[in-house]
1. Along the positive direction of the dipole of the chain (beta-carbon charges: Lys, Arg +1; Asp, Glu -1; about the Cα centre), which of Y73, G39, Y168 reaches farthest?
2. If you take every residue apart from T268 with its C-beta less than 13 Å away from the C-beta of T268, what net charge results, scoring Lys and Arg +1 and Asp and Glu -1?
3. Averaged over every viewing direction, what's the projected area of the C-alpha convex hull for segment 97-239? Give it in nm², one decimal, please.
4. If the only charges are +1 at each Lys and Arg Cβ and -1 at each Asp and Glu Cβ, what is the size of the charge dipole of segment 128-267 around the Cα centre, to the nearest 20 debye?
5. So how strong a dipole does segment 75-336 carry about its Cα centre when Lys and Arg Cβ are +1 and Asp and Glu Cβ are -1, to the nearest 20 debye?
6. Output the 0 to 90 degree angle, nearest 10, between the alpha-carbon long axis of helix 376-389 and the longest principal axis computed from the alpha carbons of the chain.
7. Given G114, S179, Q209, which one lies farthest toward the positive end of the charge dipole of the chain, if we put +1 on the Cβ of every Lys and Arg and -1 on the Cβ of every Asp and Glu?
8. Please compute the Cα-Cα pair-distance distribution of segment 459-537 with 5 Å bins starting at 0, giving whole percents from short to long.
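Only the coordinates and a few stated rules stand behind these numbers; no lab work does. These numbers were taken from a predicted model, which means no experiment stands behind them. Cβ coordinates were reconstructed from backbone atoms using ideal geometry, including for glycine residues, and neighbour counts include every protein chain displayed.
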Amino acid sequence: MRWVAGTSPPAFDAGAISACVARLREPAYLVRDRAGRIGVGFEGRCETHESTSQSASQQAHAFRLTGVLAPMYPEWLGGRAFTQAHGVRFPYVAGEMANGIATPRLVIAMARAGMLSFFGAAGLALPQIQAGIAQIETALAASGAPWGTNLIHSPSDPELEAAVAECYLSRAIRHISVSAFMALTPAVVRCAATGLTQDAAGRITRRHQLFAKLSRPELAAAFLAPAPLPLLEALLRQGQLTEQEVELAQRVPVAEDITVEADSGGHTDNRPLAALFPVILGLRDELMQRHRFQSPIRVGAAGGLGTPSAVAAAFALGAAYVLTGSVNQSALESGLSAAAKSALAQASLSDVMMAPAADMFELGVKVQVLKHRSLFGVRASRLYELYRNYESLDALPSNVRQRLEREVLGTSCDEVWLRVQRYFAGRDPEQLRRAEREPKHRMALVFRWYLGSSSHWAIEGDPERQLDYQIWCGPAMGAFNDWVKGSFLEAPENRSVVQIALNLLEGAAVVSRAQQLRVMGVPVPEAAFRFAPRPLE
């Protein structure tokens with residue numbers, strides 16, 4: 001088989017091959033010349049045999065064909081089952097940044113661009129969640145574009161977790177991302193099972209699609225299996241599930257989309273994606289075979305995805321989709337203040353650290369945060385040390401308490417306690433009653449006030465508390481900043497969430513194409529693996 005060049009000859013030198021990599025939306029022909037070099041050609045035609053009647057000039061434009069690469073599009077990088085199941089154009093998700101940082105505006109922009117995104121409902125009061133959902137529903141009602149919202153595990157406030165789940169079910173929210181769970185809860189199981197039906201062909205259909213964000217195989221196993229029967233029966237007795245829903249829930253996994261979260265911002269176990277993802281992918285295959293599920297379970301990747309090469313690597317591992325988080329916090333549509341976005345835009349790869357989580361402080365759970373231009377991580381870690389070493393606020397040595405009030409809280413412990421009382425009086429009075437019985441719990445609530453407030457200071461841009469900003473951030477942010485340096489995306493005012501997504505996907509497609517050519521024997525130069533951001537549509 002040979003290939004005859006059209007208007008342009010094939011490329012054999014490094015510069016020309018780099019240009020060929022960018023032409024990923026065209027079929028590429030791998031050819032060998034008489035000297036044995038492998039090059040890349042476009043257009044032209046393929047022939048099955050040489051014609052003896054051709055002139056010497058015509059034969060000079062003919063080359064031995066060694067392979068053909070089909071066109072490549074960013075839309076095709078992930079699993080087609082993912083885009084088909086959720087009605088999106090791209091296998092890309094913008095994650096649920098808590099406290100409303102993933103704003104309705106961000107969700108709407110992503111939905112209109114053909115990508116899935118989740119509203120950052122975690123940390124918000126129920127009326128705020130309802131208002132955000134209503135804003136998204138109104139904006140997207142005409143298009144019907146898919147979107148979702150977040151249900152976060154709330155071990156210290158299970159009533160709120162149940163109320164948020166009830167809100168989602170009553171409004172028929174189709175996509176729900178469940179995060180930070182350490183075990184299945186009634187709220188999660190109810191969301192998974194409510195609305196399960198069976199069509200005439202025997203296929204089980206879902207009203208609500210759960211995305212389970214996790215980083216541990218044992219937790220993945222729980223979401224990849226049918227819901228536990230005791231939980232289902234308890235919900236049946238409470239009138240929250242029907243008998244049919246209970247029966248069908250035993251034949252499907254709790255979630256059909258599993259997001260494997262590696263080293264990320266927020267709650268994270270700091271595991272490397274290359275080590276974690278194959279383990280959970282293998283577990284998926286094992287459990288699908290064991291339970292004989294009819295529908296595929298899609299496994300996506302998150303954590304550390306701040307460059308095209310990282311995104312391409314995630315897809316190469318077998319990810320059906322990718323989910324980004326840290327990089328979207330610096331986007332125009334993010335709910336963070338301009339001061340916080342500026343700090344993110346200047347972060348380097350090492351400008352992150354682990355700090356105690358506000359929602360799971362007593363359990364010792366940690367989140368990854370930005371340490372560039374902020375002392376939050378250091379100060380929050382100091383609070384946890386005090387909590388571990390002392391039984392109450394009154395047990396603190398006077399000099400330690402004074403320093404705590406002056407350098408961390410910014411006011412007296414007594415004043416903070418008054419604020420805590422006002423907060424929980426109408427929301428969860430049991431916390432206050434417990435604090436009266438347990439001085440150590442009172443100390444935890446005072447310390448959690450600082451942890452919770454620090455995130456709001458970053459969102460509001462409080463200039464007096466800038467050193468206390470809590471900004472959830474993984475190393476992907478520093479990698480992203482390094483990648484966009486010198487491009488239009490370097491300036492925070494140009495970082496729209498859609499431009500970030502499109503450039504990561506386009507770049508990942510370029511990197512993937514360069515790798516395809518390399519494994520086919522083409523001498524692809526290293527420069528071809530670097531994609532410079534540019535405005536995309």
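1. Of the options given, the answer is G39.
2. Numbers: positive: K213, R216, R271, K366; negative: E261, D263, D269.
Its environment carries a net charge of +1.
3. Working: hull surface 38.8 nm².
Answer in nm², one decimal: 9.7.
4. Numbers: 10 positive and 15 negative charges, 53 e Å.
Dipole of segment 128-267, to the nearest 20 debye: 260 debye.
5. 540 debye
6. With rounding to tens, the tilt is 50 degrees.
7. Selected residue: G114.
8. Whole-percent P(r) values from 0 Å outward: 3, 13, 17, 18, 16, 13, 8, 5, 3, 2, 1, 0.
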